[in-house]
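Participant: Supplied in structure tokens, the structure appears directly below.
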Amino acid sequence: MMGQFRYKALNGIRALRRWVVPYILSELHPDKFHPVLCYLFTDWKCNVDCHYCFQNDNARPGMSWETAKSSIDWLKAIGCRVLSIMGGEPLIRKKFILDVIRYGSENGFFVYLPTNGQLMDERFIDEMGEAGLAALNLAVDCVEPKPGLPKAFSKIEPQFRYLVKQQEKYGYLVFLNINICRNNIEDVRRLTEIAHEYRIGTDYHLNEAPHDFVRTDHYKHKEDSLYILPEQYDQVDELLDWLIEKQQRDRWPMVNPVAHLETLKKRMRGTIPAWDCRAGQSGFLIRPDGSLAPCFDMITYDHDWGHIWRPRFDPEELKALKAKCLPNCSSTCFYTLGHYYNPRYIPEWVRKHARVG
């Protein structure tokens, strides 16, 4: 075990080298494509069927090792140093993911793995720690399984306990990723309390419908997608106010800025204040075939944004797209990224990181 001091020092150095330095370079060279982070979609397939998810597709092939390796080589060449491995469910192919983690870590990346955790076991947790994983985002939406929400804490509690236990040994961070739906509002509160009991962070998403101009022909739960309905607005407001209080007053670590939690209240009512979306600029994603997209909602949008080694994120095309999608989007990942591109909020980011190591 490395102890709390070494654990926090390791993650502080990681944050400086892999988040702060690329951030500064992107500010110094705003005319260049200099992303801070990339979401690498290695698989479309998933082992569960969440009714709100329109991005998994079990009929499509995953990423090849050649594409994964070339993607990391290209990202390194353009100065990006944060790599998030996405799906579907990445752990559909465990050995492949261990190879990606290892290669990314060896090349100086902050490698971050979102997973529902149901395919994890103790052996894999040790292997990913030894491979150099920097952070694990554990997606859970309820304490016990609910209709349309199979990602339940009860299904992964043994793995979760071992995962948290091994944090200091390997130096990675753990936090819970929770999607607020119409049938899990009380579960969100309890999952937040569980995270606090284990001294880990949380982040939150509001279950949003896909944009009507995005291809979702494979999505089979359009009539049961669990989006928030008007009769839940007051209950969700109360939950968001509680989360804000826990973050501001009690200093519980949460990825979402308070401003984003406040924005979610407006978003579910159909309005949202203008915000600095840096999709296709400071963050973007790579699909399993090596083609590019600016953000999650645009992953199935029919437009050519280029390919690894040949990006074509044209500023005018991005501007036209965002004019259509931003009034209906409150993306946690890209809202948070844009929030911290305002220099006045950088101290907030530093304080949050220091609290969780």
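The values are calculated or read from the model by the stated rules, or taken from the named source; none is laboratory data. Only a predicted model underlies this, so the values are computations on that prediction, with no experimental measurement involved. Because the Cβ atoms are built from the backbone with ideal geometry, glycine has one as well, and the counts that use them run over all protein chains shown. These area figures cover heavy atoms from the full protein model, side chains too; ligands, DNA and RNA do not enter into them. Shrake-Rupley method; radii C 1.70, N 1.55, O 1.52, S 1.80 Å.
Participant: Name the one entry in Met268, Met254 that is farther than 30 Å from Met63 by Cβ, more than 19 Å from the chain's Cα centre (by Cα) and either touching a residue at least 24 places away in the same chain (Cβ under 8 Å) or buried (at least 20 other Cβ atoms within 10 Å of the Cβ) (or both).
Facilitator: The match here is Met268.
Participant: Across region 113-141, what is the number of residues that are among the acidic types (Asp, Glu) and out of contact with any helix residue (DSSP H, G or I) (no Cβ under 6 Å at 6 or more places or on another chain)?
Facilitator: 4
Participant: Also, quick follow-up: Would you mind stating whether Leu163 is part of a helix (DSSP H, G or I), buried (at least 21 other Cβ atoms within 10 Å of the Cβ) and modelled with pLDDT of 95 or more?
Facilitator: Yes: the conditions hold for Leu163.
Participant: For region 298-330, how many residues are in a helix (DSSP H, G or I) and out of contact with any Ser or Thr (no Cβ under 7 Å at 6 or more places or on another chain)?
Facilitator: Number of matching residues: 16.
Participant: Name every residue in region 113-151 that is over 20 Å from Tyr7 (Cβ atoms), of a type in the set (Gly, Ala, Ser) and touching a strand residue (DSSP E or B) at 6+ places or on another chain (Cβ under 6 Å), in order of residue number.
Facilitator: Across region 113-151, the qualifying residues are Gly117, Ala139.
Participant: Follow-up question, since we're still on this one. Kindly establish whether Ile299 is touching a strand residue (DSSP E or B) at 6+ places or on another chain (Cβ under 8 Å), at negative phi, modelled with pLDDT under 95 and open to solvent by less than 30 Å² (accessible area, probe 1.4 Å).
Facilitator: So Ile299 fits the description; yes.
Participant: For region 86-127, which residues satisfy the criterion of being in contact (Cβ under 8 Å) with a residue 40 or more places away in the chain and under 25 Å from Pro22 (Cβ atoms)?
Facilitator: Met86, Gly87, Pro90, Ile97, Val100, Gly108, Phe109, Phe110, Pro114
Participant: Does region 12-24 include one or more residues that are modelled with pLDDT of 95 or more, assigned to a helix (DSSP H, G or I) and of a type in the set (A, V, I, L, M, F, W, C)?
Facilitator: Checked against the condition, which is being modelled with pLDDT of 95 or more, assigned to a helix (DSSP H, G or I) and of a type in the set (A, V, I, L, M, F, W, C), region 12-24 yields no hits at all.
Participant: Checking the conditions here, which among Cys50, Cys38 is among the hydrophobic types (A, V, I, L, M, F, W, C) and touching an Asp or Glu at 6+ places or on another chain (Cβ under 9 Å)?
Facilitator: Just a single option satisfies the conditions, and that option is Cys50.
Participant: State all residues of region 251-290 that are on the phi > 0 side of the Ramachandran plot and either among the aromatic types (Phe, Trp, Tyr) or at pLDDT 90 or above (or both); if no residue qualifies, say none.
Facilitator: If the condition is that a residue be on the phi > 0 side of the Ramachandran plot and either among the aromatic types (Phe, Trp, Tyr) or at pLDDT 90 or above (or both), then Arg251, Gly280, Gly290 are the ones that fit.
Participant: What is the number of the single condition among (1) among the basic types (Lys, Arg); (2) within 14 Å of Asp203 (Cα to Cα); (3) within 16 Å of the chain's Cα centre (by Cα) that Arg278 does not meet?
Facilitator: Here Arg278 meets the rest and fails (2).
Participant: If you don't mind, another one. Across region 33-75, what is the total count of residues that are open to solvent by 10 Å² or more (accessible area, probe 1.4 Å), among the acidic types (Asp, Glu) and either within 18 Å of the chain's Cα centre (by Cα) or farther than 11 Å from Gly88 by Cα (or both)?
Facilitator: 2
Participant: From Phe313, Phe334, grab the single residue that is within 27 Å of Thr202 (Cβ to Cβ) and open to solvent by less than 60 Å² (accessible area, probe 1.4 Å).
Facilitator: Only one candidate qualifies: Phe334.
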